[in-house]
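Structure first, then comments.
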Amino acid sequence: MSETIKISNDYDVTRLKAGDEVEFSGVIYTARDAAHKRMTEAADRGEPLPFEIKGAAIYYAGPTPAREGEIIGSCGPTTSARMDDYTPRMLDLGLKIMIGKGKRSNAVTESIKKHKAVYLIAVGGVAALIKSRITACEEVAYPDLGCEAIRRLTVDRLPLLVAIDSRGCSILKA
Amino acid sequence: MYKCSEITEKLARGIDASLKRVDCRVVDLLRTACAEETNRRAVWALDQILENDEIAERTDSYPCQDTGVAMLFVTVGTEARFDGDLAAALEGGVRRGYAQARKSIAHPLTRINTQDNTPAVIYYDAVSGDGLKVTFLAKGAGSENMGGVRMLTPSKGRQGIIDAVVNIVGEAGANPCPPILLGVGIGGTMDKACVLSKRALLRPCGEPHPDPLVASLEADILSAVNALGIGAQGLGGNHTALACAAEIFPTHIGMLPVAVTVQCHSVRHTEIDFSR
């Protein structure tokens with residue numbers, strides 16, 4: 001990780017290797033436990049998901065409420081492993097980039113490999129720093145879920161590491 | 001006579017302020033860890049954590065979006081008198097203290113959010129006198145999910161305790177947002193050990209136990225955990241844990257309960273003495 005790789009939504013993620021330091025600028029959708037459950041149920045019923053998941057980036061996060069004059073509150077990553085049961089399904093539907101923190105299951109790693117996707121990690125507990133890199137926020141689905149609603153974020157230079165690359169290589173200790 | 005409205009007000013202010021600031025002792029431990037660390041990826045993470053905690057303080061923002069379960073450790077004198085319901089006053093303080101924070105409390109079965117971050121988890125200790133002291137700890141899910149309890153046999157002894165903690169931290173890996181702080185409860189019953197592991201975290205971070213027998217165990221647990229090489233955010237290096245605090249309590253001749261509370265680096269707590 002000698003050089004920071006600048007990436008965006010259209011970047012070919014198969015070029016990334018586990019351990020690469022990246023800065024992501026572009027659009028990401030927040031979704032955590034409850035939103036994943038609803039999206040999976042929607043997919044089971046054959047309904048469309050609230051956003052185009054093909055090629056999308058999902059950020060596992062639930063921010064604090066925005067204060068007056070701010071677009072969003074503090075917004076760090078949550079533990080990705082809690083989404084593991086839903087993730088292979090999301091990848092089958094075309095999800096390309098996942099951003100969170102911590103380990104993933106073997107099933108998720110295999111699915112990442114199969115779909116040539118990528119799992120990036122942000123530093124857990126740097127919610128104020130990440131908030132300062134968010135330039136736009138729009139609620140797109142499930143407003144009744146509060147902090148767990150799906151939000152479309154535009155981010156500028158989000159500092160991330162490639163934790164599991166498209167070949168299934170991981171830098172996290174098992 | 002304590003006025004319940006004043007308890008609510010003072011507790012709310014204390015919670016609001018402490019949720020926006022990482023314990024300065026922990027920031028010092030993080031700074032030392034960052035200066036000592038040789039693993040580049042770990043330094044990448046530690047640098048961001050230090051920058052984050054500085055941004056949070058400067059902008060009066062929450063350092064972590066997980067503002068946690070509100071835990072209250074209440075020490076109340078048996079002669080203390082109140083003009084209303086103490087429990088309701090404390091819940092009111094939590095509700096108001098979390099007005100701008102994230103509402104993270106849900107029904108365990110329906111998962112419906114209570115929308116005001118109550119109820120708090122409250123422990124009461126009755127003591128002599130008429131004092132009232134409340135220690136607030138914001139406990140985030142990422143680290144709390146990684147805690148554990150082991151009912152050891154007495155034959156396992158000191159080394160068994162160290163091995164149990166190492167095992168729990170090893171399983172947790174990157175999930176609890178290392179570098180972590182460890183609260184270890186030893187003795188009592190299963191539930192008592194768990195509460196002791198929380199109380200251990202209420203001591204000034206990094207300060208050894210006054211009993212040298214316990215202090216040396218804390219030091220050995222810390223070394224053993226850091227030898228795991230999990231490191232900051234699970235990226236490797238020598239700083240998996242910043243500190244280990246243990247509390248003990250006499251136990252049954254046939255028991256050796258060991259409980260571990262894992263605390264992330266975003267340590268937010270405060271102590272409020274209402275008798276002043």
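No lab work stands behind these numbers, since they all come straight from the coordinates. Please read all numbers here as calculations on a predicted model, not as lab measurements. Note that each Cβ is placed from the backbone with ideal geometry, even for glycine, and that neighbours are counted across all protein chains shown.
Here are a few things to note about the model shown:
- Estimated at 0.36 nm per residue, the fully extended path between residue A:47 and residue A:116 surpasses their Cα-Cα distance by 22.4 nm.
- Overall form of chain B: oblate. Here a/c, set by the Cα gyration tensor axes a ≥ b ≥ c, is 1.5 or more, and a/b is not larger than b/c.
- Label zone at residue B:1, where the point sits 7 Å out along the Cα-to-Cβ direction: region B:104-139 residues whose backbone N lies under 14 Å: none
- Note on B:56-64: average number of Cβ atoms from other chains within 10 Å of each residue's Cβ is 6.
- Fewest-first ordering of A:11, A:119 by other beta carbons within 10 Å of each residue's beta carbon gives A:11, A:119.
- Prolate/oblate/rounded call for region B:111-181, Cα gyration tensor, a/c under 1.5 rounded: oblate
- Measuring from each cysteine beta-carbon in the protein assembly as shown, the ones with no other cysteine beta-carbon under 4.7 angstrom are A:75, A:137, A:147, A:169, B:4, B:24, B:34, B:64, B:194, B:205, B:244.
- Distance between the modelled labels on residue B:153 and residue B:88, one decimal in nanometres: 5.3 nm (7 Å Cα→Cβ projection).
- Ranked B:98, A:142, criterion: other C-beta atoms within 10 Å, fewest first: A:142, B:98
- Between the alpha-carbon centres of region B:32-67 and region B:227-276 there is a gap of 19 Å.
- Spin-label model distance (nm) - residue B:36 vs residue B:130, 7 Å beyond Cα toward Cβ: 4.8 nm
- Legend: mean number of C-beta atoms from other chains within 10 angstrom of residue C-beta atoms, peptide B:263-269, equals 2.
- DSSP finds beta bridges in region A:5-164, and of those with both partners inside it, around 60 percent are antiparallel.
- Counted by neighbouring Cβ atoms within 10 Å, the residues B:114, B:75 run from fewest to most as B:114, B:75.
- Neighbouring Cβ atoms from other chains, within 10 Å of the Cβ of residues in B:96-106, number 3 on average.
- Summary of packing: across the peptides B:244-250, A:74-80, the per-residue average of other C-beta atoms within 10 Å ranks them, highest first, as A:74-80, B:244-250.
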